[in-house]
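A short worksheet on the structure shown next.
Please treat every number below as a calculation from the coordinates, not as lab data. Predicted, not measured: the structure shown is a model, and the values here were computed from it. Counting neighbours? That spans all protein chains shown, and the Cβs are built from the backbone with ideal geometry, glycine included.
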């Protein structure tokens, strides 16, 4: 189970690390909220987040972080005292608990409870509801369209061919990328995600390849990009159609040469990754209108997976409804009544323009 500790002092993380490792957790520590956000966005999301609320870090800032990333995971906030400004905004969030950092008994009890609960939540759902192996966790449905997608995953996962996933927003492109990674020989190596819509254009090259200290204003330290973070594993570039043309050319060269150069650097660095990309736009149309390089398209789309929108797999809607009712019942810790047949019919006939979000 992956765990992240945010601790500006590093004292608390050094105390918690062996206690987490002893409960089967893989532990990573960060020193700032910005580093926590970057790590959580570029790598596989952690199941467990622990924040040592100290120094200049405020409860309001941490609350905004968890609001942006609703917890299917659990969060623990360590504080000096029970009452402090903004703490109510944290404790009101599902799955978030606050404990005084010196109360080791309560911390250990929380760790025992949460690691057991997460393990149970991670167990494969019943086959009656989900087409799944462990790799397919979160992919809900049994429609013919979905089965065809999963069959294609089975065919391509064992190799290293680049995969391009196309589909409307909310069709599950990241879930499919994760399933390919978890079914591949690289499953024990990092899966790193880069969302091209979330990075300002001026910082995109640094996010891809990293930078050396002093290479641009604000570059106060050496930093690795996603190609270095994903080395020996899988790199998932989401919404690749948003990548500017000059960077498309640089990405093409990396794919061809299997090496990259950091911003401000001169030494080529070898890279060994499997590349999975995704787009909610038709890349063939982007090639035709000149906004996407044809040579890059042919390099990334060795295997193409087209995801159907939810309106084309209505047979899966009842299973999705049941899944989300069970999820919300767990998150809010209270029973949620089943839908009436009339309500389910309305949901099944709806067009779902946002798909599953």
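Here region 225-329 is described by how far its Cα atoms reach on the three principal axes: 55, 35, 22 Å, from widest to narrowest. For the chain, count all C-alpha to C-alpha pairs, find those more than 29 Å apart, and express that count as a whole percent of the total. In whole percent, the share of Cα-Cα pairs in the chain beyond 29 Å is 48. Ordering 136, 350 from the fewest to the most neighbouring beta carbons within 10 Å gives 350, 136. Taking other Cβ atoms within 10 Å as a rough exposure proxy, 66, 227, 292 sort from fewest to most as 66, 292, 227.
Return the ratio Rg/(2.2 N^0.38 Å) for region 157-308, where Rg is computed over Cα atoms only. Don't skip to the answer; put the middle values down first.
On the way: Rg = 15.0 Å, N = 152, 2.2 N^0.38 = 14.8 Å.
My calculation over the Cα atoms of region 157-308 gives 1.01.
Calculated mean residue ellipticity, 222 nm, the chain: -11500 deg cm²/dmol, from DSSP H runs (n ≥ 4) at -39500 (n - 2.57) each, averaged per residue and rounded to 500. The listed peptides 179-185, 262-268, 230-236, ordered by packing as a protection proxy, come out as 230-236, 179-185, 262-268 (highest mean of other Cβ atoms within 10 Å first). Short-range pairs are left out: with C-alpha atoms under 8 Å and at least six residues apart, the relative contact order of region 157-308 is 36 percent. Residues 39, 271, 277 in ascending order of nearby Cβ atoms (within 10 Å, fewest first): 39, 271, 277. Each Cα pair under 8 Å and six or more residues apart adds its separation to the average, and for the chain the resulting relative contact order is 16 percent.
Looking at the chain, the DSSP beta bridges with both ends there are about 10 percent antiparallel.
Principal axis extents of the C-alpha atoms in region 147-225 (largest first, rounded to whole Å): 49, 28, 16.
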